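Down below is the structure, laid out as structure tokens.
The values are calculated or read from the model by the stated rules, or taken from the named source; none is laboratory data. Keep in mind it's a predicted model, so treat the numbers as computed, not measured. All Cβ positions, even for glycine, are placed from backbone atoms using ideal geometry, and neighbour counts span all protein chains on display. Note: areas computed on protein heavy atoms with side chains; ligands, DNA, RNA excluded. Shrake-Rupley method; radii C 1.70, N 1.55, O 1.52, S 1.80 Å.
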Amino acid sequence: MASTTITRIESRFRELRENGRKGLVVYLTAGDPDLGAMDGLLQALDRAGVDVIELGVPFSDPLADGPVIQRASERALRSGTTLRKILERFPVWRQTVHAPIILFSYFNPILQFGLERFAATAAQVGIDGALVVDLTPEEAEGYVRTMRAHGLDTVFLASPTSTDARLERAAQLSTGFLYLISRTGVTGERSEMAAGVRPLVERARRITSLPIAVGFGISTPAQVGEVQAAADAAVVGSAVVHAIEEHYSTRGPAAIEQFVLGLKAATGGKPE
Amino acid sequence: MTWPDARGRFGDFGGRYAPETLMAPIEELEAAYCKARKDPAFQGELARLLKDFAGRPTPLFLAERLTAQLKGAQIYLKREDLLHTGAHKINNCLGQGLLAKRMGKTRLVAETGAGQHGVATATVAALLGLECVVYMGEEDMARQAPNVFRMRLLGARVVSVASGTKTLKDAINEGMRDWVTNVHNTHYLMGSVLGPHPYPMMVRDFHRVIGQEARRQILRSTGKLPDLLCACVGGGSNSIGLFYDFIPDAGVRMVGVEAGGRSPRLGDHAARFSGGRPGVLHGSYTYVLQTDDGLISNTHSVSAGLDYPAVGPEHAELHRQGRVEYTHVSDQEALEAASLLARVEGIIPALESAHALAEALKRAPSMPPEKMMVVNLSGRGDKDLGIFQSAGIL
């Protein structure tokens with residue numbers, strides 16, 4: 001399903017591979033605490049050397065998310081953030097942020113916006129792709145076709161409970177990278193890594209040559225290192241959102257940059 | 001009837017939208033259910049429990065005084081309120097509970113709005129020796145307090161849900177979060193014809209017995225089929241249970257009654273077919289009350305069991321076909337219908353069921369006396385005494 005041109009995500013993972021480095025993917029919720037904060041926050045992540053940014057679209061019923069991201073969604077919704085407003089503001093963010101950015105969303109906001117209109121607008125404003133957390137491969141045919149037509153990457157999830165057949169289907173529909181869920185459960189920080197990560201990554205490697213990112217429950221530099229030993233990238237979400245919740249109002253984006261630099265340093269990677 | 005198709009679609013509606021971690025367990029559930037439904041041992045055990053434990057068949061009762069008062073169609077009440085635990089919900093809980101046990105699951109998780117599904121789940125968990133956790137919105141726990149005590153007495157853990165609107169939709173979110181975390185030993189016992197395939201089909205199948213009995217009973221006592229069926233629609237389990245076996249009978253009209261709440265303004269009701277549009281919530285593509293931006297709306301109903309922003313996907317298809325007519329009645333109309341039934345027939349209905357009754361009261365007078373309607377009295381109203389009291393009826 002590869003398109004003829006290389007996407008920003010593909011080229012980022014290619015660079016990492018060529019330099020023998022592992023990637024750091026960071027999630028934050030758009031509009032948390034408000035849309036005006038995003039400029040500074042996205043730039044902070046970029047400066048800290050984040051390889052891919054997952055920008056969450058807040059939803060009223062985030063059933064795959066734990067309490068930290070639920071609270072972020074509530075803050076973002078209270079500040080009036082919607083998919084439409086994210087797409088409207090995006091060109092401003094894109095001007096200063098070099099890292100690839102994918103939207104991380106539940107399906108209904110995209111469906112109501114209109115699949116074709118969403119993909120066309122996303123491509124036009126410089127979004128690199130999307131991950132739709134409740135859109136399973138079996139329901140994703142029209143979505144994937146539309147995204148592909150606009151040159152956007154589609155990232156799908158696979159989980160420790162996924163059968164090989166499901167893992168294969170997720171890999172077939174994914175471009176850019178494949179996202180493996182480290183353990184069953186919702187998003188959130190965990191003190192220990194799940195033992196099932198390495199076997200899952202090994203299963204995925206046998207099925208796909210896509211770069212593999214592992215997320216859910218990864219919050220410390222040590223865990224990032226542990227994941228990167230097996231996968232191509234580690235995804236940190238709730239821990240970053242937690243840092244925004246704790247420190248943004250008093251210390252601004254610099255606090256987040258510092259936190260992410262800590263994660264990055266653990267991997268031996270340097271900010272560009 | 002051949003729907004849903006292999007992808008769980010009723011026409012365009014339904015399907016399977018869920019976090020990937022749940023997909024393998026959902027596939028496993030579908031396989032186990034398809035095997036069990038054809039297994040005489042499973043069906044025999046379910047039939048035995050429905051009869052000896054739950055108290056089936058339930059009576060079909062001709063409400064003579066109510067009929068005489070309205071001077072129109074004869075009103076028959078399908079007495080699901082007489083079932084053990086006080087509502088139709090036990091039909092489905094026994095079915096899914098037995099299935100969970102066959103699948104080797106040791107823990108049941110459920111959501112509940114009015115508490116009837118939670119009580120039925122807690123009951124079945126006790127009967128089968130399974131652990132039980134019920135998620136319930138904080139607002140619903142306050143307004144349906146008697147059911148919270150019943151669940152606890154039955155050994156279930158009731159977890160208060162304080163997120164979002166603090167009602168049924170948020171309880172489902174929290175139940176799903178539990179399931180996705182504990183998939184290895186847990187069965188999610190969905191309480192209505194909602195959720196990803198195979199839930200809407202499976203829950204319908206477990207409630208079909210309502211319509212099968214009603215059909216047999218009315219034919220036996222009158223030799224004719226009813227002219228109208230009337231049932232309330234929250235997620236839509238009691239209504240689909242009553243309607244399903246009558247769908248091929250072209251002469252039988254059906255009306256599903258949603259919660260009209262306190263006004264037609266978005267947020268003040270749960271009438272999905274008049275205020276909603278197709279979208280995805282909790283695993284299926286169906287009619288959903290939502291904002292222009294695709295965020296799920298708040299809802300309101302005096303009846304916790306109808307206070308939910310989406311409707312079962314099979315109802316969405318029956319609505320599209322025009323086979324079932326969907327309408328809504330207000331909080332006030334439901335309260336009045338409940339208190340009328342109590343005084344005229346000596347039956348206190350649940351406020352959910354009172355919505356169906358309120359619609360029947362509107363229609364009966366304009367129908368000739370030889371016509372017959374069946375109203376599904378899906379649950380009893382003991383749980384609602386506090387609401388009657390605060391509404392000034394007591």
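Within segment A:13-29, the residues that satisfy the criterion of being farther than 20 Å from A:Gly217 by Cα and not polar (S, T, N, Q) are A:Phe13, A:Arg14, A:Glu15, A:Leu16, A:Arg17, A:Glu18, A:Gly20, A:Arg21. A single member of B:Asp170, B:Asp205, B:Asp140, B:Asp227 is closer than 30 Å to B:Cys34 by Cα, of a type in the set (Asp, Glu) and touching a residue at least 60 places away in the same chain (Cβ under 8 Å), and it is B:Asp205.
If you go through segment B:375-394 and keep only what is in a strand (DSSP E or B) and open to solvent by less than 10 Å² (accessible area, probe 1.4 Å), you end up with B:Val375, B:Asn376, B:Leu377, B:Gly379. Selection of segment B:286-296 for residues being facing another protein chain (nearest Cβ under 8 Å) and more than 17 Å from the chain's Cα centre (by Cα) yields B:Gln290, B:Asp292, B:Asp293, B:Gly294, B:Leu295, B:Ile296. Would you check if there is a residue in segment A:237-259 being touching a residue at least 24 places away in the same chain (Cβ under 8 Å), of a type outside the set (Gly, Ala, Ser) and within 15 Å of A:Val52 (Cα to Cα)? Looking through segment A:237-259, at least one residue is touching a residue at least 24 places away in the same chain (Cβ under 8 Å), of a type outside the set (Gly, Ala, Ser) and within 15 Å of A:Val52 (Cα to Cα). Answer yes or no: is there a residue in segment B:181-192 that is within 8 Å of another protein chain (Cβ to nearest Cβ), farther than 24 Å from B:Lys383 by Cβ and not polar (S, T, N, Q). Yes - at least one qualifying residue is present in segment B:181-192.
Could you list, in sequence order, the residues of segment B:145-180 that are away from chain A (no Cβ under 14 Å), of a type in the set (A, V, I, L, M) and crowded, with 20+ Cβ neighbours inside 10 Å? Selection gives B:Val148, B:Met151, B:Leu154, B:Ala156, B:Val158. Among the criteria (1) over 23 Å from B:Thr291 (Cβ atoms); (2) touching a strand residue (DSSP E or B) at 6+ places or on another chain (Cβ under 9 Å); (3) within 11 Å of chain B (Cβ to nearest Cβ); (4) surrounded by fewer than 23 Cβ atoms within 10 Å (Cβ to Cβ), the one A:Glu139 does not fulfil is (1). Inspect segment B:274-281 for any residue being within 14 Å of chain A (Cβ to nearest Cβ), part of a helix (DSSP H, G or I) and either farther than 15 Å from B:Thr327 by Cα or free of Cβ contacts under 8 Å to residues at least 12 places away in the same chain (or both) and give the result as yes or no. Looking for residues that are within 14 Å of chain A (Cβ to nearest Cβ), part of a helix (DSSP H, G or I) and either farther than 15 Å from B:Thr327 by Cα or free of Cβ contacts under 8 Å to residues at least 12 places away in the same chain (or both), one finds none in segment B:274-281, hence no. Only one entry of A:Leu152, A:Leu157 meets the criterion of being within 14 Å of another protein chain (Cβ to nearest Cβ), touching a residue at least 12 places away in the same chain (Cβ under 8 Å), within 17 Å of the chain's Cα centre (by Cα) and closer than 22 Å to A:Arg12 by Cβ, and that entry is A:Leu157. Filter segment B:340-369 down to the residues that are without any contact (Cβ under 8 Å) to a residue 40 or more places away in the chain and farther than 20 Å from B:Ile210 by Cα, then identify the one that is most open to solvent (accessible area, probe 1.4 Å). Residue satisfying both the conditions and the ranking: B:Arg343.
In segment B:245-253, the condition of being assigned to a strand (DSSP E or B), open to solvent by 10 Å² or more (accessible area, probe 1.4 Å) and modelled with pLDDT of 95 or more is met by at least one residue.
Does B:Arg272 satisfy being open to solvent by 10 Å² or more (accessible area, probe 1.4 Å) and at pLDDT 95 or above? When the stated conditions are applied, B:Arg272 does not pass them.
Among the residues examined, B:Leu77 does not qualify as modelled with pLDDT of 95 or more, within 14 Å of another protein chain (Cβ to nearest Cβ) and crowded, with 22+ Cβ neighbours inside 10 Å.
Residues are listed down the side, and each one gets a yes or a no for (1) open to solvent by 10 Å² or more (accessible area, probe 1.4 Å); (2) within 21 Å of the chain's Cα centre (by Cα):
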residue	(1), (2)
B:Leu99	no, yes
B:Arg102	yes, no
B:Gly115	no, yes
B:Glu131	yes, no
B:Tyr135	yes, yes
B:Arg143	yes, yes
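Applying a threshold of 7 Å to beta carbon distances and a minimum spacing of six or more residues, or different chains, the list of pairs starting in segment A:111-122 at a residue that is over 18 Å from A:Phe59 (Cβ atoms) and ending at one that is of a type in the set (Val, Ile, Thr) reads A:Glu116/A:Thr146; A:Ala119/A:Thr146. Restricted to segment B:297-327, and to residues there that are within 14 Å of chain A (Cβ to nearest Cβ) and surrounded by 24 or more Cβ atoms within 10 Å (Cβ to Cβ), the residue that is farthest from A:Asp65 (Cα to Cα) is B:Pro313.
In the set (1) open to solvent by less than 20 Å² (accessible area, probe 1.4 Å); (2) in a helix (DSSP H, G or I); (3) not aromatic (Phe, Trp, Tyr), A:Ser11 fails one condition alone, (1).
Only one entry of A:Val197, A:Val227, A:Val240 meets the criterion of being within 20 Å of A:Ala255 (Cα to Cα) and either at pLDDT below 95 or in contact with a strand residue (DSSP E or B) (Cβ under 6 Å, 6 or more places away or on another chain) (or both), and that entry is A:Val240. Kindly check whether there is at least one residue in segment A:166-184 that is more than 14 Å from every other protein chain (Cβ to nearest Cβ), of a type in the set (D, E, K, R) and more than 15 Å from the chain's Cα centre (by Cα). There is no residue in segment A:166-184 that is more than 14 Å from every other protein chain (Cβ to nearest Cβ), of a type in the set (D, E, K, R) and more than 15 Å from the chain's Cα centre (by Cα). What are the residues in segment A:63-107 that are among the polar types (S, T, N, Q), within 11 Å of another protein chain (Cβ to nearest Cβ), open to solvent by 10 Å² or more (accessible area, probe 1.4 Å) and farther than 16 Å from A:Ala122 by Cα, if any? A:Gln70, the sole residue that qualifies. Among the residues of this structure, A:Thr4 counts as one that is modelled with pLDDT under 95 and assigned to a loop (DSSP other than H, G, I, E, B).
Of the numbered criteria (1) surrounded by fewer than 23 Cβ atoms within 10 Å (Cβ to Cβ); (2) at pLDDT 95 or above, the one A:Phe177 fails is (1). The set of residues in segment A:14-38 being assigned to a loop (DSSP other than H, G, I, E, B) and either of a type in the set (Lys, Arg) or surrounded by 13 or more Cβ atoms within 10 Å (Cβ to Cβ) (or both) consists of A:Arg21, A:Lys22, A:Ala30, A:Gly31, A:Asp32, A:Pro33, A:Asp34. Looking at this structure, is B:Val257 among the aliphatic types (A, V, I, L, M), buried (at least 22 other Cβ atoms within 10 Å of the Cβ) and assigned to a loop (DSSP other than H, G, I, E, B)? No; evaluated as a whole, the condition is false for this residue.
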